[in-house]
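Every number here is computed from the coordinates shown, using simple stated rules; none is lab data. Owing to the predicted nature of the structure, the values given are computational and were not obtained by experimental measurement. Counting neighbours? That spans all protein chains shown, and the Cβs are built from the backbone with ideal geometry, glycine included.
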Amino acid sequence: MTVPSSSNSTTRIWRSLPMRSRTDHAAEAGRGVFEPRRRVVALALVLIIGIVLGLGLGYTVLRSQMMTPEQRAAAASPLQPPMMTAPVQRDERQQVVTLAGAVQNSGTVAVHPALPPDDAAAVLVKMGIKRGQSVQPGMFLAEVSGQPVFALPGAFPFYRDLTMGDRGEDVDQLHKGLKAAGYAPEQMGEEITPSTQRALERLLTDRGYSTDLLQSTARVGDYDETGAGDGESGLVIPRGLFVVLGDLPAAVVDVSSKVGDSLDETSTLFTVADGTLVLSASIATVQAADVTPHQAVTFTVGDHDEELTGTVSGVEPDPDNPDLSTITITPDAPLPAESVGTDARAAVVTASSDGPVLFVPISAVRSDSTDAAYVLLAPREGIGDETTPERHAVTVVEVIDGAAVLEESTAPAEGTEVIVSQTGEGSGPEGQDPGGDGES
């Protein structure tokens, strides 16, 4: 009898077992074959969660048993809000407002040309200046119908043509103006002399013009050393040769005419600043009430960081806006002519204390139902109730830049901490502050 090999027998036995399909697994699951396993897993999860909760509860109970009565009371009470304090300080106080403005002229003068004689046409041939330029004595300004026009300082315009031997205050003004321009005649005074003619000829020559403009036909030798002569000279100094301006140098703020324009007695060649340049700025009317004339001011001009000084020369209400006023500041030192129209910023003191004073932040001052002012002193360790602020009555003298200046006799001692703000205010009886009776 032949015995089958073990390998073949195993193969036959394996093949004789039925194969389990996915369908069979699903059927078994539907019959609850795997239900015991699920119950075991759920029971294990419940057991783990119970252990964790029990440990936490036990730790809490154990920790509470280890706390002191004070710690347990503190833990049971609501959280105390944070307290902000500030010390009572002694110092000088100032309130400064920063104003935006611009450099302007304190006044302006329109410059009109003298027209040529005999009703000749007056045409602007050349313009020698531009806006922002500084007019100096003897400076070439323009040319009208072939005649140059120069600038001279003086008190009044020339009203007549001058000839040799003429006398008067206008002659004296001419001589002083020529001196300011660097062309002083050898003989000053109130009479036209050959030295006057020589000074004028030097001026014309240096500016590139012919001396024939003076219409001179006489020789200087016709006059003796004293300047006396026979008065027959053909010298004529046209009144239109000079424009007289009150103070020089002066800033040109506007040029009204251009080359080719026909001019008449109403024409304006240009406009210059009359007097010094000033700073003009707007300020709230309520603040302007605290600004006084001649008050010292600091300011800056344009992009320059240099701090300049000046004084308040005027405060006027704005006719178009009752809430605003215009403040005028005169610089202590003259500003350059080219700064006209430049933006500027000024720092103006609107309130200041008379020396060092005691003060606290305005938010530290409270008032009760009777409008009595008081502050709350922060609790201090070892003094009184260490948890309740102490009310301290004060008298507020004035408020400067967010600080309440206190009357010395009512103020707490310098360095005393006062409560500035406290989150959750109104924790006292009936919603009142601790230590107070109804803050407002």
#### Entry: Looking only at region 283-318, and only at residues there that are part of a strand (DSSP E or B) and among the charged types (D, E, K, R), the one that is nearest to Ala346 (Cα to Cα)
Glu316
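Looking only at region 191-213, filter to residues that are part of a helix (DSSP H, G or I) and touching a residue at least 60 places away in the same chain (Cβ under 8 Å); which one of those is nearest to Pro153 (Cα to Cα)?
First, pick out the residues of region 191-213 that are part of a helix (DSSP H, G or I): 194-206, 211-213.
Now drop any that are not touching a residue at least 60 places away in the same chain (Cβ under 8 Å), which leaves 203, 213.
Values: Leu203: 15, Leu213: 21 Å.
The selected residue is Leu203.
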